[in-house]
Amino acid sequence: MSEVCQNSDFPIFDEVLKSGGIVSALCVDEAASFSRKITDELKTLAERKKIKAFATINVEADSTVKSSLAKFISNENLAKISANIRAKKNSLIILVAGDWREASEALGLIRVDIAKRLNLIDTTKAAYCWITDFPMYEYSEIKPDTIDFGHNPFSMPQGGMEALNNKHPLEILAYQYDLVLNGFEISSGGVRNHEPDLLYKVFALAGYDKAEVDRRFGAMIKAFKFGAPPHAGNAPGVDRILMVLNDWESIRDIYAFPKDGQGRDLLMNSPAEVDESQLKDLGIKLKNK
């Protein structure tokens with residue numbers, strides 16, 4: 001895929017690949033007949049993530065290839081892309097370019113959306129899956145060139161202090177795990193980091209010095225210094241499990257008096273205006289934007 005795109009005249013793909021990004025593809029059988037309206041909706045869905053480019057390739061019934069990239073990539077290279085992906089006749093290839101995480105998440109959204117459109121989801125099954133070996137660190141979404149925590153900073157890093165001292169932060173895995181049911185996370189957990197020196201090092205790799213860690217988490221650090229034993233666990237969400245098993249679209253369907261999509265409680269008429277006297281009692285001052 002990268003070789004074909006790097007030899008193209010499509011500058012956005014070239015730019016993404018040269019900057020360390022990826023061009024990922026999703027091939028959907030029997031979807032070449034998707035209308036322009038549907039592909040536009042898929043593009044809008046993908047753009048919820050910070051992708052750099054979105055494109056499609058249609059492999060027709062007679063094996064001819066049509067694409068929104070035809071102005072930039074030759075028919076020969078388009079055919080190479082479809083061959084590399086092993087696309088069948090009547091297939092739709094969706095290409096997304098960007099950073100690895102953003103491109104992967106965008107294709108994940110598209111995958112679920114298309115599965116619903118083509119009725120590919122078997123609602124009679126309860127398919128469970130354990131997700132393990134989460135990365136301990138990732139690049140920050142706010143400051144892309146800095147290291148941030150990938151999941152939970154208080155989880156035990158695999159390999160302990162040796163891994164923290166000798167591995168690149170992005171190569172370090174954590175003892176973290178999620179249980180997924182039919183694509184929804186229903187439980188999350190991990191092995192807790194109970195060693196103060198190890199915790200200081202974990203935070204140091206993400207840019208936090210010892211004083212900052214003590215200021216924020218001093219009570220926990222002090223407790224661990226008394227000798228807390230190793231501990232682990234996970235927390236299942238009963239409401240999520242019920243939502244998935246009943247094939248409900250939203251977790252709000254579980255609750256007797258749910259908030260709406262904007263977080264409003266229609267029964268209590270909340271949130272509502274707050275009196276000046278109430279703000280004064282709480283020592284809160286509102287600042288207009």
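Side notes on the structure shown:
- Stokes-Einstein translational diffusion, the chain - Kirkwood Rh over all Cα pairs, 1.567 mPa s, 4 °C, in µm²/s: 56 µm²/s
- The string of couplings for the range 157-170 from the Karplus curve (6.51, -1.76, 1.60, θ = phi - 60°) is x, 5, x, x, 5, 4, 5, 5, 7, 10, 9, 5, x, 6 Hz, one whole number per residue in order, with x for Gly and Pro.
- Kirkwood Rh in Å, taken over the range 135-289 so that all alpha-carbon pairs contribute: 19.4 Å
- Inter-site label distance for F257 and N234 at 7 Å from Cα along Cβ, in nm: 3.4 nm
- A crude spin-label estimate for the pair D265 and A223, with each label 7 Å from Cα along the Cβ direction, gives 2.8 nm.
- Listed by chain and number, the lysines whose C-alpha is less than 20 Å from the C-alpha of K167, apart from same-chain residues fewer than 8 away, are K201.
- Near-label residues of the range 141-177 by backbone N, under 13 Å of a point 7 Å along Cα→Cβ of K210: none
- In a DSSP loop and with at most 13 other Cβ atoms within 10 Å, the GluC sites (Glu not before Pro) in the range 41-101 are E47, E60.
- The lysines whose alpha-carbon is closer than 28 Å to the alpha-carbon of K66, local same-chain residues fewer than 8 away aside, are K18, K37, K43, K49, K50, K52, K80, K88, K89, K116.
- Of all complete DSSP H helices in the chain, those with a Cα span along the helix axis of 18 Å or greater and a mean Kyte-Doolittle hydropathy of -1.0 or more are 100-117.
- Taking all Cα-Cα distances within the range 2-117, those exceeding 16 Å account for 56%.
- Per-peptide average of other Cβ atoms within 10 Å, ordering 259-272, 198-211 highest first: 198-211, 259-272
- Separation between Cα centres of the range 20-81 and the range 207-284, rounded to whole Å: 40 Å
- In a fully extended conformation the segment linking S74 and K89 would gain 3.5 nm over its present Cα-Cα distance, using 0.36 nm per residue.
- For F134, distant residues with modelled amide H under 5 Å away: A174, Q176
No lab work stands behind these numbers, since they all come straight from the coordinates. Keep in mind the model is a prediction, meaning the values are calculated, not measured. Cβ atoms come from the backbone with ideal geometry, glycine included; neighbour counts cover every protein chain shown.
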